[in-house]
Amino acid sequence: MAKIGLIGVGKWGINHLKSLSGLECELVGISDTNQEKKSVADEYDIKFFTDYRELLKVVDAVTVVVPTDLHYKIAKDCLELGKHLLIEKPITTKSEQAKELVKIAEDKGLILSVGYLYRFNNSIKRLKELMEEIGEIQYITCRYMHSTKPPRKDSGVILNLGIHPMDILNFITDRRPLKVYSKKKNQISEQFEDSAMIVLDYGDFFATIEVSCCHPEKKRDMWIIAEKEKIYVDYFEQKIVRYPLKVSYEKIEKEEPVEESITKNESLKDELEYFIQSVDKKNAEGISNTLNIGKEEYYTTRICELSIKSAETRKEMALHD
């Protein structure tokens, strides 16, 4: 049974802890620079460390839930000390750093997973299945926005929010965009954008992503407009509505929309369970599952990087390996 630790005990770290405590693993301890978080460790009857490197001495694997600008250093320390790792998105703020971390993990035979929990969301998993049935894609529109909490101080909305729909698009289409164009607005902070509109060019179709931390509504949804069907997905509510609709100059073929029956799941819990099972399998058999590996997430980080650069230069950017 894998010995698991948690680095970072903020709001989302607490969510990790709650999920980990109910899974089949040996939850050893937590680490946070805030000494007051020891009370959390006491509540769960586990060890507490202010220095995460001390935690790393007594675990097989860790989940890392710290501010984005600390991801690279902590992830590199974990991997260099031989620990399997699930790190919250984005893997780093720079794609070259992500590539370096992936190389270290590969060289050491370690699992490096990134916390894109929507890959474990039942509505997104069902959507991936439906993509085989809907015909040629015309375009996709995505929204990921809110104003329910203050903007982050470690990254803008492209890296913080936009990276989720980017990953979903990569996941459901099994493709990466060829080019990126975006516009952004820095209304709140000169350093980080608080809203952006991103266009991803896949060659034979395009996708738009609207991200904002200033919008009055909380939305996590997308439309897939395709040849045979138009599909609406609310992946926050885990809801899918299918609109059979074909349009031509001769006629419009339209049927009543059908809502899919989706069983809601706890995506974070399923993601963490998958990670633990991967660690156990890796330790026992030397192989691992590959649903959310860091190598793929290099590209997601790169797309975000190019989106920010496009907005700054007002130029379209090409994605190269």
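The values are calculated or read from the model by the stated rules, or taken from the named source; none is laboratory data. Computed from a predicted model, the values in this text were never measured in an experiment. Counting neighbours? That spans all protein chains shown, and the Cβs are built from the backbone with ideal geometry, glycine included.
Structure values in brief
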item	result
Failed item in (1) farther than 30 Å from residue 81 by Cβ; (2) surrounded by fewer than 20 Cβ atoms within 10 Å (Cβ to Cβ), with residue 168 passing the rest	(2)
Residue that is aliphatic (A, V, I, L, M) and closer than 27 Å to residue 158 by Cα, where the choices are 28, 62, 58, 40	62
Segment 1-30: number of residues that are in contact with a helix residue (DSSP H, G or I) (Cβ under 8 Å, 6 or more places away or on another chain), surrounded by fewer than 20 Cβ atoms within 10 Å (Cβ to Cβ) and within 23 Å of residue 265 (Cβ to Cβ)	7
Residue within segment 70-77 that is touching a Phe, Trp or Tyr at 6+ places or on another chain (Cβ under 7 Å), under 18 Å from residue 301 (Cβ atoms) and not in a strand (DSSP E or B) present	yes
Near pairs, Cβ below 7 angstrom, 6+ apart or cross-chain, from segment 30-41 (among the polar types (S, T, N, Q)) to any residue that is not in a loop (DSSP other than H, G, I, E, B)	31/5; 31/7; 31/49; 31/52; 31/55
Some residue of segment 143-158 being surrounded by 15 or more Cβ atoms within 10 Å (Cβ to Cβ) and in a helix (DSSP H, G or I)	yes
From the options 73, 47, 99, 38, residue that is within 25 Å of residue 283 (Cα to Cα), in the same structural domain as residue 276 (by TED's automatic domain parsing), in contact with a strand residue (DSSP E or B) (Cβ under 8 Å, 6 or more places away or on another chain) and charged (D, E, K, R)	47
Spans of strands (runs of 3 or more DSSP E) in segment 208-321 with at least 2 residues in contact with an Asp or Glu (Cβ under 7 Å, 6 or more places away or on another chain)	219-226, 229-234, 239-247
Only listed residue being at pLDDT below 90, in the same structural domain as residue 260 (by TED's automatic domain parsing) and under 16 Å from the mean Cα position of the chain (by Cα), chosen from 189, 155, 123	155
